[in-house]
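Working notes, structure below.
The values are calculated or read from the model by the stated rules, or taken from the named source; none is laboratory data. What you see is a predicted model; the values in this text were computed from it and never measured. Heads up, the Cβs are rebuilt from the backbone with ideal geometry, glycines too, and the neighbour counts pull from every protein chain shown. Only protein heavy atoms, including side chains, enter the accessible area calculation; ligands, DNA and RNA are left aside. Shrake-Rupley method; radii C 1.70, N 1.55, O 1.52, S 1.80 Å.
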Amino acid sequence: MTFNKTRLEKLQKKLSENKIDLAYISNFKTIQYLIGFGSDPFERTLALVLFADSEPFLFTPALEVEVAKSTGWPYKLIGYQDNQDSMKMIIDEIKSRNVSTNKFAIEQSHLTYDKATHLKENFEGSDFSFNLTPIIEYQKLIKEDDEIDKLIQAGKDADLAFEAGTHALMLGKSELQIAAELEYATKMRNVTEMSFATLIQTGSHAADPHGETSDRLLENNSLVLFDLGTVYEGYISDMSRTVALGKPTQHMKDIHAIVLEAQLAAQEAARPGITAAQLDNVARSVIEKAGYGEYFIHRLGHGVGMSEHEFPSIMEGNDLVLQPNMAFSIEPGIYIPNDLGVRIEDSVYITENGAIPFTNSSKELLIF
Ligand code: MN
C-alpha cells in the first residue's frame, strides 16, 4: 500500500476540533489504514504520533524501516533495535518537539498498560482521557471508492474460493480436509491470505455458529456450512453458504428457504435511510414469522473493511442510519441444536440505489 495523505488530514481535522495536542496511535491496523504501512509488531513497538503543532513521526522496529519507507511516508521515520528502549526513544522524540502535550489521544482499548504507564509517568499532569478509537471507527465507516474497489476484488476471490471448496466435497473427507483444499486452491491463485480460518461444518455440527472446523467426516444427505473470506491489499471478504451433500430432507430445504428469504429481504431493504436496527428486524421478522426466531441467535451483520470487526453493527438497538459507502455483512442463520445449522451471508456496500453484494455465488440450495 502507499501513503494516503487524505486519511491523515481527515483525522488531524477531528483532533484539532477536539483540541488534542498529540495522538499516540499504537494499533497496527489503524496505522495501516491511516498511512498505508502497518505490520503486526508482536512484542515490539510500533507507533504513529500526530501533533497539533508539529509534523508526525512513525516509530518502527529497525527491520521494518525499509518497507515503511517504500510506502512513501514523507515525514520522520525512526527505527529502533531490539536492545534499545523504544518507549524512551518515543518520549524523547515527543519532548524534542517543544510543543504542548497537555491533551493526549490514545487508543484506550489497544494501548497496553505498561506503555500507557510509561507515557503517564513522563508526561505528568497530561490528560489521557480522550479515546481515539471511536473517531477512527467512524472515519472507517464510510469507505472511499478505492476501498470499495479492493473489497470488490476480495469478494471475487471469495467466490472462487467457495467454488473450489464445493469441488472438494466428497464423502469420506473431513471438514478440515475440505477447508484445506479450499485454502490451497485459493493460495494457488496467489491470494495472500484468508481473512480468518475457513469454517466448514457438517450436519448437526453447523448448529453451533461458534464451532470450529473439525476432523468430523462429511455426512451423506446432510447440509454443509461454509464461512470464508480472503484478503486483498488489506481488505477482507466474508461470505457464508450452506449446501447439501446427497439428498436433503424437506426440513433441510425448508430451513434453507427461510434463511434465504430473510437474507434476500434484508439485502433488498438495505439502502440509505434505514437504520441498522431496522435492517436487523427485516431479516429477523422473516425468521420469526416462520416460527424459528429463537434459533437466530446472533446479530444480522457486522461492518467489513480492513477487518470483520468494524462499524456498523447491524443489530437491535443500533439506530445508526445507513449511508452510501458503508460496507457490512448480511448473515441471517437458523441453528437448531442436534439437528442442523444454516447461514447465508453476503457482505454488501450501500449505494444511493440500494445494496450491492461483494460476493455473487449462488445462494440457492446447491446439491452435491
Ligand atoms: Mn461474517
Give me a count of the residues in region 212-243 that are in a loop (DSSP other than H, G, I, E, B), within 16 Å of the ligand (Cβ to nearest atom) and closer than 23 Å to Gly155 by Cβ. 4
So how many residues does region 291-310 have that are hydroxyl-bearing (Ser, Thr, Tyr) and at pLDDT below 95? 1
Across region 325-342, what is the total count of residues that are β-branched (Val, Ile, Thr), within 11 Å of the ligand (Cβ to nearest atom) and over 15 Å from the mean Cα position of the chain (by Cα)? 0
Restricting to region 345-368, name every residue that is within 26 Å of Leu223 (Cα to Cα), under 23 Å from the mean Cα position of the chain (by Cα), surrounded by fewer than 23 Cβ atoms within 10 Å (Cβ to Cβ) and not hydroxyl-bearing (Ser, Thr, Tyr). Pro357, Asn360, Lys363
Out of the residues in region 298-309 that are in a strand (DSSP E or B) and open to solvent by less than 10 Å² (accessible area, probe 1.4 Å), state the one that is farthest from the ligand (Cβ to nearest atom). Gly303
Considering each of Glu268, Glu345 in turn, give the residue that is in contact with a strand residue (DSSP E or B) (Cβ under 8 Å, 6 or more places away or on another chain), away from the ligand (no atom under 16 Å from the Cβ) and closer than 23 Å to Lys156 by Cβ. Glu268
Residues of region 271-290 classified as over 19 Å from the mean Cα position of the chain (by Cα), over 20 Å from Leu340 (Cβ atoms) and either modelled with pLDDT under 95 or not basic (Lys, Arg) (or both), total: 10
Criterion first (under 30 Å from Phe37 (Cβ atoms) and assigned by TED's automatic domain parsing to the domain that holds Phe328) does Ile236 satisfy it? yes
Test: Gly341 is assigned by TED's automatic domain parsing to the domain that holds Leu199 and open to solvent by less than 10 Å² (accessible area, probe 1.4 Å): yes
Of the numbered conditions (1) outside any loop (DSSP other than H, G, I, E, B); (2) buried (at least 21 other Cβ atoms within 10 Å of the Cβ); (3) not acidic (Asp, Glu), Ser313 satisfies every one except a single condition; which is it? (2)
